[in-house]
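None of the figures in this text is laboratory data; all of them are computed from the coordinates on show. Computed from a predicted model, the values in this text were never measured in an experiment. Counting neighbours? That spans all protein chains shown, and the Cβs are built from the backbone with ideal geometry, glycine included.
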Amino acid sequence: MFNNGFKYYLQINDKIYGPYDEIIGFNFSPDSSKFSFMFKKDNKEYIQINNKTYGPYNKDYATFIFTKDNKVYILYVSGNELVIEEVE
């Protein structure tokens, strides 16, 4: 991770992700075949899983989880409902 002024970037191999206002965490799936991180941009939160971006989500209402069998789920609030979505 590096910054250029007030923006943040993340480099994974040859690919650079960003610019973002903030990068929140970085994770690998149990078998290391997938990576993920959350980021903020323009006061909205997003989830990046490999080369796909999900969101925007309302602040503090989204997260993701890798399961032991390397599936990825995004959990977020939409209206008054909790949504659990399998992705990737």
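Which order do peptides 2-12, 26-36 fall in by mean Cβ count within 10 Å, highest first? List each step's numbers first, then the result.
On the way: 2-12: 11.9, 26-36: 13.7.
Ranking the peptides 2-12, 26-36 by packing returns 26-36, 2-12.
In the calculated pair distance distribution of the chain, what percentage of Cα-Cα distances lie above 17 Å?
48 percent
Any idea how far apart Asn4 and Lys52 come out in nm if each label point goes 7 Å out from Cα toward Cβ?
Taking the two extended label points, one gets 2.8 nm.
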